[in-house]
Amino acid sequence: MQHDIVIIGGGAGGLELAARLGRRFGPREGRRRVLLIDRSIFHLWKPSLHEVAAGSLDSHQEGLSYPVLARRNHFSFAFGELTGLDPAAKSLTLGEIRDEDGAVLVAPRTLSFQTLVLAIGSGSNLFNTPGAAEHAHLLENVADAEAFNKRLTSAFLSTAYSDERTLNIAIVGAGATGVELSTELIEGHDELSAGLTPDQRFDLAVTIIEAAPRILGGLPERVSAKAAKALEAKGVHLLTDAKVNAVRADRLDTSKGEVPADLIVWAAGVKASDHNRDLGLTIGRLNQFIVDDRLRTSAPDIYAMGDCAEAPGPGGKPVPARAQAAAQQAAYLAKALANPSRDPGPYVYQDRGSLVSLGGDKGVGSLMGGLGGTNFLIEGLIAKWAYMALHLDHHRAILGVSRTAILALSRLLHRRVSGRLKLH
C-alpha cells in the first residue's frame, strides 16, 4: 500500500506532524494517506531521557505505543529504520529487523512515496575526543538512557557495600541535558541514602565539565547565573572553561587537570548521523539536511524538520535544536502538506524562551524570547510548573486534553506511591 505522505522519525516533531495530518484528513483518509515510520515501537519525549537515565522516570510507564497513537490520531505506523533513499525514484529502503539473539524478524523493505518528511533527529558530537566513544555514555535514545540507568543502579549498590565511600560521576556538557541530569542524580542519591543504614551511606560527587565560560550558554546570562548558584547549592561541582582532551575508563583528562569518574556521560554538542551523507541530499557541516524557508530539502517533495534539519533562523543563524522548534515546524508542515495548493508562506521560528528543571520544586528560565521584547526571568516553583506544562502540551498535541489530564494525574499518584527513584 502506497501512502501519500511518509514521515520518518516519531520524535516530538514527526509524531506531532503525523497526528495533526491524521486528524485533519479523518479516520479513513488519514490512515490511507499518512504513514509514520520509527525504529522504536513506543514514543518517549526526548527531553525526558535524563530522568530515565537517573532512575526517576520509568520509560515503560511513560512511553506511549505508536500503534495506539496511530489508531487514535488516524494515521498508519510501520516499524523500521531508514537505510537508503533514492530521491529521484521517490523510494526508500528500511533495513532488516533482528531480535536480541540476532534472528531476522523482518526482511529489508522498499517503499515508495509522493511526499517524504525526514524527522530522524540527531546525536551527540564527540568532537573526535580520544576515548569518548569507548568510555562515555550517550543519551540519544531510550536504550542509551536505560543502559546508563542499569550501570548507575549497579554503581549505587556496589558503592554502598564497598570500602570506597564516594561515587564519582562526570558529565561533559553544561547544556540543559547535563544540568538537568546532575540535579536528578543528586536527588535520586538523597532518596536512596534516606533508606540505607548509616554504614551503607556513601557520597555522590557530580562534576559538570563545560568548554564554554559558563553553563547553559544558549540561555541569557542571568538564567545561567541562577542555575549555577542552584547547582552549587546542591553540591554539583562546575568546571567551566575546561576542554576535555581525552576520556579514560576512570577519569577525564581536561585542560584544567584530571577529573576522577566512575561513570561518564557525554552531553555536549549536537551532530546528525554520518549516514545522512549517503541519502543523496545536500547536508551541512553537522550532517543536517539543508532546507529552505519552507523546510524543503535539495530534492523535490522531500522535507526535513527538527534536529536533522539545518533551517534558516533569526539573524542568519540556523534554527536551534530544541523541542519547541520541532513542534512549530510540525504545525507549519501540517498546514503546508494538508493543502499543497495553498502557499503557507515561509516558516519563521518563534523563540518562546527556555526553561530548565533543577529538580524538586525548582526551575529557572526565560520566557517570551523574541515575541514580547525583552526576556523576563522566572524561577522556583513557577518555573518548574512552566517546565511541566511544556511536557504536557506535547502530550496534548498527540493525546488530546482529556487523556493528557488523566495521564498527568495517574503519573502524579504513581510517583506518590512508588517514590522518586526506581531501582528496578
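The values are calculated or read from the model by the stated rules, or taken from the named source; none is laboratory data. Remember, it's a predicted structure, so these values are computed and weren't measured experimentally. No Cβ is skipped: glycine too gets one built from the backbone with ideal geometry, and neighbour counts run over all protein chains shown. Just the protein is used for accessible areas: all its heavy atoms, side chains included, with ligands, DNA and RNA removed. Shrake-Rupley method; radii C 1.70, N 1.55, O 1.52, S 1.80 Å.
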Identity of the residue in region 90-106, open to solvent by 60 Å² or more (accessible area, probe 1.4 Å), assigned to a loop (DSSP other than H, G, I, E, B) and free of Cβ contacts under 8 Å to residues at least 12 places away in the same chain, that ends up farthest from Thr297 (Cα to Cα): Asp101
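Pick out the one residue from Leu85, Leu111, Leu69 that is in a strand (DSSP E or B), under 21 Å from Asp4 (Cβ atoms) and within 27 Å of the chain's Cα centre (by Cα).
Within the list Leu85, Leu111, Leu69, the selection yields Leu85.
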Residue count for region 289-318, restricted to those that are over 21 Å from Arg277 (Cβ atoms) and surrounded by 24 or more Cβ atoms within 10 Å (Cβ to Cβ): 0
Test result for Arg165, surrounded by fewer than 17 Cβ atoms within 10 Å (Cβ to Cβ) and in contact (Cβ under 8 Å) with a residue 60 or more places away in the chain: no
Qualifying residue in region 35-43 (condition: modelled with pLDDT under 95 and buried (at least 21 other Cβ atoms within 10 Å of the Cβ)): yes
Residue count, region 142-161 (criterion: touching a residue at least 24 places away in the same chain (Cβ under 8 Å), open to solvent by less than 60 Å² (accessible area, probe 1.4 Å) and either out of contact with any Lys or Arg (no Cβ under 8 Å at 6 or more places or on another chain) or within 28 Å of Thr240 (Cβ to Cβ) (or both)): 10
Residues (in contact with a Phe, Trp or Tyr (Cβ under 9 Å, 6 or more places away or on another chain) and open to solvent by less than 30 Å² (accessible area, probe 1.4 Å)) located in region 126-141: Thr129, Ala132, Ala136, Leu139
From the options Gln329, Gln324, residue that is in contact with a Leu (Cβ under 9 Å, 6 or more places away or on another chain) and open to solvent by 40 Å² or more (accessible area, probe 1.4 Å): Gln324
Residues of region 17-33 classified as over 17 Å from Phe113 (Cα atoms) and out of contact with any strand residue (DSSP E or B) (no Cβ under 8 Å at 6 or more places or on another chain), total: 7
Selection count where residues are out of contact with any His (no Cβ under 8 Å at 6 or more places or on another chain) and either open to solvent by 70 Å² or more (accessible area, probe 1.4 Å) or in a strand (DSSP E or B) (or both), scope region 256-280: 11
From Arg72, Arg31, Arg39, residue being touching a residue at least 40 places away in the same chain (Cβ under 8 Å) and under 21 Å from Asp393 (Cβ atoms): Arg72
Every residue from region 65-89 that is among the aromatic types (Phe, Trp, Tyr) and open to solvent by less than 50 Å² (accessible area, probe 1.4 Å): Tyr66, Phe75, Phe77
Residues of region 204-240 classified as on the phi > 0 side of the Ramachandran plot and hydrophobic (A, V, I, L, M, F, W, C), total: 1
Filtered residue count, region 1-25, keeping only those that are farther than 27 Å from Leu390 by Cβ and either at pLDDT below 90 or open to solvent by 10 Å² or more (accessible area, probe 1.4 Å) (or both): 5
Single residue of region 114-124 satisfying the filter (of a type outside the set (Val, Ile, Thr) and assigned to a loop (DSSP other than H, G, I, E, B)) that is surrounded by the most Cβ atoms within 10 Å (Cβ to Cβ): Ala119
Any hit, region 46-66, residues being over 23 Å from Ala336 (Cβ atoms), modelled with pLDDT of 95 or more and over 23 Å from the mean Cα position of the chain (by Cα): no
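Mind telling me which of the residues Ile186, Ile171 ends up being surrounded by fewer than 23 Cβ atoms within 10 Å (Cβ to Cβ) and either on the phi < 0 side of the Ramachandran plot or among the acidic types (Asp, Glu) (or both)?
Exactly one of Ile186, Ile171 is surrounded by fewer than 23 Cβ atoms within 10 Å (Cβ to Cβ) and either on the phi < 0 side of the Ramachandran plot or among the acidic types (Asp, Glu) (or both), namely Ile186.
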Near pairs, Cβ below 8 angstrom, 6+ apart or cross-chain, from region 314-327 (closer than 18 Å to His395 by Cβ) to any residue that is open to solvent by 80 Å² or more (accessible area, probe 1.4 Å) and of a type in the set (Lys, Arg): Ala323/Lys46; Gln324/Arg352
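Only one of Ala249, Ala227, Ala211, Ala205 is buried (at least 16 other Cβ atoms within 10 Å of the Cβ), at pLDDT 95 or above and either in contact with a helix residue (DSSP H, G or I) (Cβ under 7 Å, 6 or more places away or on another chain) or under 27 Å from Leu157 (Cα atoms) (or both); which?
Ala205
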Scan of region 189-244 for residues that are outside any helix (DSSP H, G or I), among the hydroxyl-bearing types (Ser, Thr, Tyr) and out of contact with any His (no Cβ under 9 Å at 6 or more places or on another chain), ordered by number: Thr197, Thr240
